[in-house]
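Read the structure below first, then the notes.
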Amino acid sequence: MPPQAKKKRHAHGDRIIAASAGLDNWKTWSGRSHGSDGFELLDLVRGAKRSFNKRFVWQAPPPGTACPVCYVEPESPDEWHVTSSCGHSVCLDCLRAYAANQVADTSHVGPLKCPVCPLPLRESDAVRALENNSDVIRQWDRKIRDQLLRALPNYRHCPNCQKTDDSTGTEDVAGDAPSKVMGGGFVTPECLTPINSNREQHAEDLLQLLSVCEKMLIGAYFLYVVAYASLLRTSSVFVAVLNVYVIPAWLLHRLKLICYFVIAGAARRALFKPIAVECPCCNEAFILNAEAELSPNRNSSIGDKATAEWIGNNTRPCPSCSVPISKSAGCNHMRCSHCRASFCWACMRLRTRCAAYACRNGAPYGDSERNSSQEEDLHAGGIVERIERLERRATRGERRD
């Protein structure tokens, strides 16, 4: 490609990038300072008035007029610029310096603003503000790229990182300090899946201690009864009942609640232990909130796995249409809400003559019990469900006492 054509193409690319620093919509076209960016009924009238003012009223100030930003009179009328959205007149040096400062400001988000009022510049004004300044245009290009990446849901901001962008060696137009870009990185489900698997296994091992604690409490009670019967003989039936049944039952119940609290807390800490990651910009570690990162709402793969696990553990497919069905209470007679088919929950067969609480086909899935207590099963469901169920059981037991 000839050098002249290459230079022309480069200038055209800079013009497109500079235009992205402005904003053209109904709000800027009509010159509104309020409302949304969408169309309003009076925008046609406002836009016609703005177009008329731009063509016949908004002109460069007469000689002797100072710039409202720097209070210096430009040497020629060509050094004035009238913004097309609000009609303010400023000198080109102030327009470009103000635009460069906004580009260098890491806290600034969105299109460039007018130096006089808070209205955004239109695309033609942004091109005029950034033209002939390739360094600022490249800085704006990097800024909108970084803002786009940081808006992605998988991006995590590094709290202790300010990376100096030395890729081009550019400096802030207002001073000698190089531009600062906040660092961070991306956390994807592929990164979190092995971490979540290891933590679930650790929490599962802790939850298995629940049955061990219950067995230890039963063994301790058995040893206590044997020791009491052989060493502490008494002739009073009331004292014997009090010492063998009442006091030990209350004490064992309290110890069981303590075990629930301790095991649930240890499992929750093991599952949601803070995740240490390394920032790719400053190579320093920072901490992520594991409970937020591993929640099904943020991590879709973990959420899909938890949903599939819950469906597998708590539902059965309808024998007619295969829709998952769950049962919380009641007899064996079930009716699918999707296809209206009737079947027995104990044998999962259609149109059977099974009794309400006695299946006539062997009850491979177990008969329902009359007046069965709907106590939560501590060993059913996913890890998080079991931990929460254990905490609820301990809290309810504490309140009853």
Write down the Å³ per residue value for the convex hull defined by the alpha carbon atoms of region 26-96. 90
At a 1.4 Å probe radius, carbon and sulfur cover how many percent of the accessible area of region 80-126? 51
Place a point 7 Å from the Cα of Asn154 in the direction of its beta carbon; the residues of region 186-210 whose amide N falls under 12 Å from it are 186-193
Measuring with a 1.4 Å probe in the full set of protein chains, what accessible area per residue, in whole Å², belongs to region 195-290? 65
By how many nm would the segment from Glu291 to Tyr245 lengthen if fully extended, with 0.36 nm per residue of separation less the alpha-carbon distance? 12.3 nm
So between Arg254 and Leu42, what do we pick up on full extension, going 0.36 nm a residue minus the alpha carbon distance? 69.1 nm
Residue-wise HN-Hα coupling along region 208-214, computed from phi with Karplus coefficients 6.51, -1.76, 1.60 (Hz; x: Gly, Pro): 5, 5, 4, 5, 5, 5, 4
How would Arg360, Arg199, Arg392 line up by accessible area, probe 1.4 Å, largest first? Arg360, Arg392, Arg199
Rounded to the nearest 0.05, what FRET efficiency is calculated for Glu73 and Tyr228 with R0 set to 60 Å and r the Cβ-Cβ distance? 0.05
Quick one: order Ile258, Ile137 from most to least accessible surface, probe 1.4 Å. Ile258, Ile137
From the phi of every residue in region 260-271, what ³J(HN,Hα) in whole Hz does the Karplus formula 6.51 cos²θ - 1.76 cosθ + 1.60 yield, where θ is phi - 60° and glycine or proline is x? 4, 4, 5, 5, 4, x, 5, 5, 5, 5, 5, 6
Where Ile247, Ile195 fall by accessible area, highest first, once all protein chains stay in place (1.4 Å): Ile247, Ile195
Please list 3J(HN,Hα) in residue order for region 73-82, calculated via the Karplus relation 6.51 cos²θ - 1.76 cosθ + 1.60 where θ = phi - 60°; whole Hz, with x for glycine and proline. 7, x, 6, 9, x, 5, 8, 9, 9, 9
With r defined as the distance between the Cβ atoms of Glu284 and Val109 and R0 fixed at 30 Å, what FRET efficiency is calculated, to the nearest 0.05? 0.75
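The values are calculated or read from the model by the stated rules, or taken from the named source; none is laboratory data. As the structure is a computational prediction, the values presented were derived from the model and not from experiment. Backbone-built Cβ (ideal geometry, glycine too); neighbour counts: all protein chains shown. Note: accessible area is taken over every heavy atom of the protein model, side chains too, but ligands, DNA and RNA are not part of it. Shrake-Rupley method; radii C 1.70, N 1.55, O 1.52, S 1.80 Å.
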